[in-house]
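S.K.: Handing you a structure now.
The values are calculated or read from the model by the stated rules, or taken from the named source; none is laboratory data. Note that the structure is a prediction, hence the values are computed from the model and not measured. Note: ideal-geometry Cβ built from the backbone for every residue, glycine included; neighbour counts use all protein chains shown.
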Amino acid sequence: MNILIVNQYAGSPELGMEFRPYYLAQEWGKMGHHPVVVTGDFSHLRQKNPRAIRDFEEKTVEGVRYCFLKTPAYAGNGLGRVKNVFAFCRKLYSGAARLAKTYRPDVVIASSTHPFDGRGAARIARIAKAKLIYEVHDLWPLSPMELYGYKAGHPLIHLIRREVRRLSRKSDGVVSILEKADLYLASIGASPKNYQHIPNGVDFREEPENLPPKKHQELLELLHSRGHFVLLYLGGFSAANALEDLVFAAALAPPGIAFVLMGDGPYKNELRSRAKKLRLDNLYFLDPAPKGEATALLPMADALYLGAKRSPLYQYGVGMNKLFDYLLSGRPILYGVAGAGNLVERSGCGLTLPPEDPRAIVEGAKALLALSPEERAELGKRGKDYVRDHHRYDRLAKEYIDYLTGL
């Protein structure tokens, strides 16, 4: 089966996130299928961008074929990003015949986090006489309304809602990483056909083979040598992740609990400033690192933290990639997210906290600190076993193929 995955921000372990298209394509290739990932050559999510010289440039990245569309670089969420999205969608649509002829897909998966390249993906599928799958990651237009404050009557929200309805209507099937995305789509008049929930997953060859960055490792070793309990956050620094709660928790925590935040993002400098004003000596910020090195740091912590602001988005499911890295690490998790599909609760690998509650974070850390190392290890093992049984990418890839062949 020839499978074309259209995802503007697709990455790889080497390039940086998003990872899902890479892992599915890798597994499909092993199964004898022929996947190609169509993506932009610049993404704010990647650590490394393989800039294209031509408008359409094919490269093999870690064993997976990619077709990179040349797009302008940008920073932040302003006009530059809008131009980047427009350039990708325009080239995808205008180059649909070329892509259809070159790759002859049997299936085209519109997998970007936004719906604007759906028209290009649909055109490729129509020319190639291929099945079209709409893969839902974020809930549009609810996501920009909740995250950026757009009103329901805003022209952009009307445009997004129209595109989502159109793409749902034209698709032969809808897949989502979110457990209850079908209920959301139905609520905005975009009732999905042949809906299937296929979550994100893990690749078990990524169980830490690398060493963490030396200075990161040295910091955790130093904290442990001083008898500190280390609570670690690894991921993006955005307002949606409610990281200010960790800062306030550090201000409330008793001696002996250290808070370590690793990653990057637009909110990091603000958090640093806030921590400085509070004169915190138990809060540490670490630079980002390549995925393999970053995840190698997770097992060195005593516990891991994941949180998010309260939002209607999460009633339909939570699809945070870092949660799967956390589960795979074998460490207990403090989970401050209110939403459907709570894997921490299902696996029994930690504690679920009310979101946006620094005192609850402190009490959760104290509860885990009170356990013996063996008891914490048992909690972590539950999460690791759960993700092995339910979220391996080889199994998810097979489930996806079974779904496609059944359409």
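S.K.: Quick check on Lys366: is it among the charged types (D, E, K, R), outside the structural domain of Tyr233 (by TED's automatic domain parsing) and assigned to a helix (DSSP H, G or I)?
M.R.: Against the criterion (among the charged types (D, E, K, R), outside the structural domain of Tyr233 (by TED's automatic domain parsing) and assigned to a helix (DSSP H, G or I)), Lys366 does not qualify.
S.K.: Let me ask something else. If the Cβ limit is 7 Å and pairs must be 6+ apart or interchain, which residue in the stretch 102-117 that is surrounded by fewer than 24 Cβ atoms within 10 Å (Cβ to Cβ) pairs with which residue that is part of a loop (DSSP other than H, G, I, E, B)?
M.R.: As it stands, the answer is Asp106/Met1; Asp106/Ala130; Thr113/Tyr9; Thr113/His137; Thr113/Asp138; His114/Trp140, since those pairs meet every condition given.
S.K.: Can you find, within the stretch 243-274, the residue that is farthest from Tyr305 (Cα to Cα) among those that are modelled with pLDDT of 95 or more and small (Gly, Ala, Ser)?
M.R.: Ser273
S.K.: Take the conditions touching a strand residue (DSSP E or B) at 6+ places or on another chain (Cβ under 8 Å) and either of a type in the set (A, V, I, L, M, F, W, C) or surrounded by 15 or more Cβ atoms within 10 Å (Cβ to Cβ) (or both) and apply them to Leu351. Does it pass?
M.R.: In short, yes.
S.K.: Out of the stretch 292-307, which residues are modelled with pLDDT under 95 and buried (at least 21 other Cβ atoms within 10 Å of the Cβ)?
M.R.: Correct list: Ala294, Thr295, Ala296.
S.K.: Here's a follow-up. Is it the case, given these coordinates, that Ala152 is without any contact (Cβ under 8 Å) to a residue 60 or more places away in the chain and outside any loop (DSSP other than H, G, I, E, B)?
M.R.: no
S.K.: So which residues in the stretch 309-326 are closer than 21 Å to Ala258 by Cα and either crowded, with 22+ Cβ neighbours inside 10 Å or at pLDDT 95 or above (or both), if there are any at all?
M.R.: Listed by number, the residues that qualify are Leu323, Tyr326.
S.K.: Restricting attention to the stretch 172-192, does a residue exist that is free of Cβ contacts under 8 Å to residues at least 24 places away in the same chain and either surrounded by 19 or more Cβ atoms within 10 Å (Cβ to Cβ) or in contact with a strand residue (DSSP E or B) (Cβ under 6 Å, 6 or more places away or on another chain) (or both)?
M.R.: Within the stretch 172-192 (the criterion being free of Cβ contacts under 8 Å to residues at least 24 places away in the same chain and either surrounded by 19 or more Cβ atoms within 10 Å (Cβ to Cβ) or in contact with a strand residue (DSSP E or B) (Cβ under 6 Å, 6 or more places away or on another chain) (or both)), the answer is yes, since at least one residue qualifies.
S.K.: Can you tell me which of Ser311, Ser273 is free of Cβ contacts under 8 Å to residues at least 24 places away in the same chain and out of contact with any Leu (no Cβ under 7 Å at 6 or more places or on another chain)?
M.R.: From the options Ser311, Ser273, the qualifying one is Ser273.
S.K.: Sticking with this structure for a sec: Tell me which residues, restricted to the stretch 96-140, are in a loop (DSSP other than H, G, I, E, B) and farther than 25 Å from Phe19 by Cβ.
M.R.: Passing the criteria: Arg104, Lys129.
S.K.: Out of Phe42, Phe88, Phe56, which single residue is buried (at least 20 other Cβ atoms within 10 Å of the Cβ), at pLDDT 95 or above, in contact with a Gly (Cβ under 9 Å, 6 or more places away or on another chain) and of a type outside the set (Val, Ile, Thr)?
M.R.: Result: Phe88 is the single residue among Phe42, Phe88, Phe56 that is buried (at least 20 other Cβ atoms within 10 Å of the Cβ), at pLDDT 95 or above, in contact with a Gly (Cβ under 9 Å, 6 or more places away or on another chain) and of a type outside the set (Val, Ile, Thr).
S.K.: Enumerate the strands (runs of 3 or more DSSP E) found wholly within the stretch 221-312, keeping only those where 3 or more residues are within 23 Å of Asn342 (Cβ to Cβ).
M.R.: 229-234, 303-307
S.K.: Go through the stretch 91-101 and give me each residue that's within 25 Å of Leu45 (Cβ to Cβ) and exposed (fewer than 15 other Cβ atoms within 10 Å of the Cβ).
M.R.: Matches in the stretch 91-101: Ser94 only.
Results for (1) touching a residue at least 60 places away in the same chain (Cβ under 8 Å); (2) part of a strand (DSSP E or B); (3) closer than 25 Å to Ala96 by Cβ, shown as yes or no for each residue.
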position	(1), (2), (3)
Glu18	yes, no, yes
Tyr23	yes, no, no
Trp28	yes, no, yes
Val37	no, yes, yes
Ser43	no, no, yes
Lys48	no, no, no
Ile53	no, no, yes
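S.K.: If I ask for residues that are among the small types (Gly, Ala, Ser) and either assigned by TED's automatic domain parsing to the domain that holds Met320 or surrounded by fewer than 17 Cβ atoms within 10 Å (Cβ to Cβ) (or both), which ones from the stretch 137-156 would you list?
M.R.: Matches in the stretch 137-156: Gly149, Ala152, Gly153.
S.K.: Could you look through the stretch 62-95, keep only residues that are of a type in the set (A, V, I, L, M) and in a loop (DSSP other than H, G, I, E, B), and pick out the one that is farthest from Tyr9 (Cα to Cα)?
M.R.: Per the stated criteria, the residue is Ala75.
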